[in-house]
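The values are calculated or read from the model by the stated rules, or taken from the named source; none is laboratory data. What you are looking at is a predicted structure, and each value in this text was computed from that prediction instead of being measured. So basically every Cβ, Gly included, is an ideal-geometry build from the backbone, and we count neighbours across all protein chains shown.
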Amino acid sequence: MSDFHLIFVHGYKGSSRTDWFPAISKLLREKGISHRIPDMPGGLWNRYPNGRDWERILGQELKEARKQVILVGYSLGTRAVLNYIQNHDKKFGLVILISPPNNNPLLSLGHYGAFFSFFFRLLDIPAIRKRVKRMVVVTSEDDPSVPHAWSKEIARELGAEIVTFADKGHINSPRCAEDVFAILTRYVSRLEKREPKIAGRRF
């Protein structure tokens, strides 16, 4: 993975210091892998994050990258990633979406309207598919926050490969860092070797 730069986008009320992000950052540093986990505004301290702010910051991170970028979104961060790809004519070899919600504008009403700027319109799925060579959706069957069926639905629409866990919940435990790292290693290796897509995996 040394030839790539990973950019992670955390979820609602998240930051680089929550969930599995500190642990995976440690793993990546130990391996000498270039990465960034920007703290998005309206995450940990603000009730109402702004999707356009998240896109702007992600765009700045991409401008500063000196290697080919792999995007990794988590929960609400997956929508920020997809919104960015939809709105910018930039190609990506690999995008990984962990616990992504589906493409439903009614989600804009979630948390008393906190998500409005992320979901107020449908994604342009064909545009996104043209700009990403390989997408991977990671989901857990017992996710209490983003139903497994929602993640499967968006995976199907995006033509993404799907990795399914049975018992990881919202995939937010610090222990999930090793699982995420293993998935990154597997799919980056396939990107490097230009291996064909696979239907899906269960863990």
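The residues listed here are 101, 105; of these, the one that is surrounded by 15 or more Cβ atoms within 10 Å (Cβ to Cβ), in contact with a Lys or Arg (Cβ under 9 Å, 6 or more places away or on another chain) and either polar (S, T, N, Q) or within 22 Å of residue 48 (Cα to Cα) (or both) is 101. Please verify whether the range 13-29 includes one or more residues that are among the β-branched types (Val, Ile, Thr) and either in a strand (DSSP E or B) or in contact with a strand residue (DSSP E or B) (Cβ under 6 Å, 6 or more places away or on another chain) (or both). No: the range 13-29 contains no residue that is among the β-branched types (Val, Ile, Thr) and either in a strand (DSSP E or B) or in contact with a strand residue (DSSP E or B) (Cβ under 6 Å, 6 or more places away or on another chain) (or both).
The residue that is farthest from residue 102 (Cα to Cα), among those in the range 114-124 that are under 16 Å from the mean Cα position of the chain (by Cα) and assigned to a helix (DSSP H, G or I), is 118. Among the residues of the range 47-74, those that are among the hydrophobic types (A, V, I, L, M, F, W, C), in a helix (DSSP H, G or I) and more than 20 Å from residue 154 (Cβ to Cβ) comprise 57, 62.
Does any residue in the range 140-164 that is in a loop (DSSP other than H, G, I, E, B) come within less than 8 Å, Cβ to Cβ, of a residue that is crowded, with 18+ Cβ neighbours inside 10 Å and among the polar types (S, T, N, Q) six or more places away or on a different chain, and which pairs are these? The qualifying pairs are 141/164; 143/99; 143/151; 145/75; 145/99; 146/75; 146/99; 146/139. Could you please let me know if residue 153 is of a type in the set (Asp, Glu), modelled with pLDDT of 95 or more and within 16 Å of the chain's Cα centre (by Cα)? For residue 153, the condition - of a type in the set (Asp, Glu), modelled with pLDDT of 95 or more and within 16 Å of the chain's Cα centre (by Cα) - is met. The combined condition, being touching a residue at least 24 places away in the same chain (Cβ under 8 Å) and surrounded by fewer than 21 Cβ atoms within 10 Å (Cβ to Cβ), is fulfilled by residue 27. The set of residues in the range 142-163 being of a type outside the set (Lys, Arg), farther than 10 Å from residue 99 by Cα and out of contact with any Leu (no Cβ under 9 Å at 6 or more places or on another chain) consists of 142, 144, 149, 153, 159, 161, 162, 163. Scanning the range 162-195 for residues that are aromatic (Phe, Trp, Tyr) and within 18 Å of residue 152 (Cα to Cα) yields a total of 1. Figure legend. Inter-residue proximity from the range 49-72: first residues under 17 Å from residue 3 (Cβ atoms), second residues modelled with pLDDT under 95 and surrounded by fewer than 13 Cβ atoms within 10 Å (Cβ to Cβ), beta-carbon distance below 6 Å, spacing 6+ or different chains. No pairs are indicated. Within the range 87-114, residues that are under 19 Å from residue 138 (Cβ atoms) reach partners that are at pLDDT below 80 with beta carbons closer than 6 Å, at six or more positions or on different chains, in the pairs 101/107.
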